[in-house]
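The values are calculated or read from the model by the stated rules, or taken from the named source; none is laboratory data. Keep in mind that what you see is a predicted model, and the values were worked out from it rather than measured. Cβ placement follows ideal geometry from the backbone for every residue including glycine, while neighbour counts extend to all protein chains displayed.
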Amino acid sequence: MRTPKFSTQTLLLQLAVVLLTVLLFAVAVGVILMERITQDAEQRALTLARTVAAQPEVRQEVARISAKEGTPPASDLDDGPLEALAESARQRTGALFVVITDETGVRLAHPDPQRLAEKVSTDPSEALGGKEVVTRNTGTLGPSAGAKVPVYSPGRAQGGPDGVVGVVSVGFEREPLGQALLESSAPVALTACGAFAVGVFASMLLRKRLRRLTLGMEPEELTTLVQDQVAVLETTHEGVIGIGRSGRITVVNATAQELLGLPALHGAVWSDAPVPEALRTLTRDDAAEEDVLELVAGARVLLATARKAVHDGEDLGWVVFLRDRTELAQLTRQLESVSTMSSALRAQRHEFANQLHTITGLLDLGETGRASEYVHRLVQTGPLEFPVDGLERLSEPYLQAFIGAKGIRARERGVALRIGEDTFVRGAVKAPQDVTTVLGNLIDNSINAAVSATDVDPADGRWVRVDLLDEPGPVPTDGSPRLGTLHAVVADSGDGVAEPERLFEEGYTASQVPGQGLGLKLAQELALRRGGELRLLEAGGAASAGAGSGAVFAVRLPTAMIFDVPQEDV
């Protein structure tokens with residue numbers, strides 16, 4: 001047998017609760033009405049009994065009979081005045097019975113003549129003691145609600161047992177009470193039916209809203225969906241952020257928190273969340289879903305996209321995806337460095353080939369003396385030469401090769417790359433990736449600035465100067481290698497920085513080339529991550545005197561150098 005859906009079970013349970021509540025309410029109201037009607041009947045019986053017991057004829061006749069020895073026969077009582085008075089009162093009021101007894105409880109008047117001169121079926125002692133009593137019992141005439149009132153002898157005051165010569169007992173049968181209850185219960189029944197109908201309607205609305213909120217899925221399906229969602233979100237290498245229609249973050253996986261370097265954002269307002277402002281622009285109403293944003297978060301380069309979440313034509317909000325491009329950016333930078341060095345080697349190979357052709361030509365001409373002199377000169381100067389002024393001041397192999405390759409690229413663009421006179425490097429590079437990224441960005445930006453300069457000193461031309469200095473750190477006491485800080489200053493002959501306050505903003509670039517504007521920001525983040533800094537010393541341009549006064553940058557990279565280690569171990 002197929003189990004009903006949870007929503008159907010919920011609806012049936014709600015209807016059952018509503019029905020049970022209505023039934024309990026109806027029963028409670030019925031009991032209250034029954035009690036009230038019974039009490040009204042008891043009061044009517046008490047009033048009628050008092051009226052009959054207070055009549056002078058009743059008091060005199062009961063006192064007369066009680067004063068005699070024995071009880072008159074039933075035939076005499078049937079024709080007597082007490083029977084006539086009792087029957088008259090019963091017929092006028094519709095009572096079940098009006099019974100009159102003497103001081104011993106013997107019936108002197110009764111609706112059934114055969115019961116005359118007999119003891120009553122209920123105990124009359126309380127009434128004979130001078131008390132008025134209301135009763136609910138079953139007598140010889142059936143179930144009744146009635147009252148017993150003492151009858152006093154003529155001339156005796158009421159109150160107390162003295163002077164009590166008999167009892168008047170009045171009762172109303174139960175059947176008229178039930179009918180009265182049924183008539184009184186009609187409004188209650190209508191109210192109960194109306195409440196049940198409202199409960200059914202409310203339950204249907206609640207069921208419809210529940211299905212809409214759960215997108216028509218049952219709890220079992222929601223459980224499976226949540227389990228699958230958690231499994232996917234926590235195992236994917238992409239960061240995922242979900243923003244609901246209310247503008248609050250509903251989903252954020254651990255990868256997204258790690259990439260953005262933020263605490264748990266679940267439940268936070270998206271517009272106030274501590275995320276890069278550019279990331280929020282992807283979820284604007286006028287944003288296109290094909291927009292791809294490249295941004296820097298900490299020391300990471302992220303690629304961000306956003307998609308609208310739609311289910312059955314209903315807008316559910318936005319989903320933002322984050323991909324980490326840091327390793328790719330670093331590899332790209334390294335590839336550029338390798339490509340630069342390769343280009344330098346090709347150029348130098350071409351130069352070396354020309355030198356060999358020269359030697360071959362001299363030998364073919366028999367000029368062995370001149371060929372020998374030429375070879376000796378090459379041995380002394382070296383066959384390979386980087387076009388960087390003052391490169392001999394830089395003895396560190398990695399920096400020498402890297403900056404030398406940059407010099408070749410600079411020469412191809414008409415820029416002279418120079419090593420400053422204050423350069424003094426004694427250690428070896430320990431963090432080549434960070435050094436390559438930071439110095440590479442600064443040198444490339446300076447070369448671009450020098451190329452695009454509008455005011456160039458004819459005597460000095462276009463140039464970029466790099467000053468490098470390393471600072472050894474304290475000697476470790478645990479025997480580990482001694483580390484140090486690399487300081488670098490990069491200056492150029494460009495037009496300077498037009499907007500220094502925006503220089504390190506993510507995406508800002510003076511070149512207006514798509515995809516640019518991340519280099520300085522990334523270099524600054526890398527320097528900060530190492531505990532260093534990257535700052536603009538001079539903006540240059542109009543703020544400086546004369547031509548060739550470009551920007552000057554300074555960078556400090558702690559623990560980027562290593563000392564007291566054999567060169568082959570670096």
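Only one entry of Val490, Val555 meets the criterion of being modelled with pLDDT of 90 or more, in contact with a Ser or Thr (Cβ under 7 Å, 6 or more places away or on another chain) and surrounded by 21 or more Cβ atoms within 10 Å (Cβ to Cβ), and that entry is Val490. Looking at the range 241-269, I want the residues that are on the phi < 0 side of the Ramachandran plot and in the same structural domain as Val301 (by TED's automatic domain parsing) and have a partner that is outside any helix (DSSP H, G or I) and among the acidic types (Asp, Glu) with Cβ atoms under 7 Å, at least 6 apart or on another chain. Which pairs are those? Correct list of pairs: Arg245/Asp315; Thr255/Glu238; Leu259/Asp324. Looking across the range 104-150 at every residue that is in a strand (DSSP E or B) and of a type in the set (Lys, Arg), the one that is modelled with the lowest pLDDT is identified as Arg136. If you check Leu182 against the conditions, is it at pLDDT below 70, farther than 20 Å from Ala309 by Cβ and over 21 Å from the mean Cα position of the chain (by Cα)? It is true that Leu182 is at pLDDT below 70, farther than 20 Å from Ala309 by Cβ and over 21 Å from the mean Cα position of the chain (by Cα).
Taking the criterion of being more than 15 Å from Val167 (Cβ to Cβ) and surrounded by fewer than 18 Cβ atoms within 10 Å (Cβ to Cβ), the residues of the range 81-106 that qualify are Pro81, Ala84, Glu87, Ser88, Gln91, Arg92, Thr93, Gly94.
Within the option set Thr454, Thr477, being exposed (fewer than 15 other Cβ atoms within 10 Å of the Cβ), touching a residue at least 40 places away in the same chain (Cβ under 8 Å), out of contact with any Leu (no Cβ under 8 Å at 6 or more places or on another chain) and of a type outside the set (Asp, Glu) holds for one residue only, Thr454.
Only residues that are over 56 Å from the mean Cα position of the chain (by Cα) and either closer than 19 Å to Asn441 by Cβ or part of a helix (DSSP H, G or I) (or both) were counted across the range 395-407, and they come to 0.
Here Ile65 meets each of (1) under 25 Å from Thr93 (Cα atoms); (2) in contact with a Leu (Cβ under 7 Å, 6 or more places away or on another chain) with one exception, condition (1).
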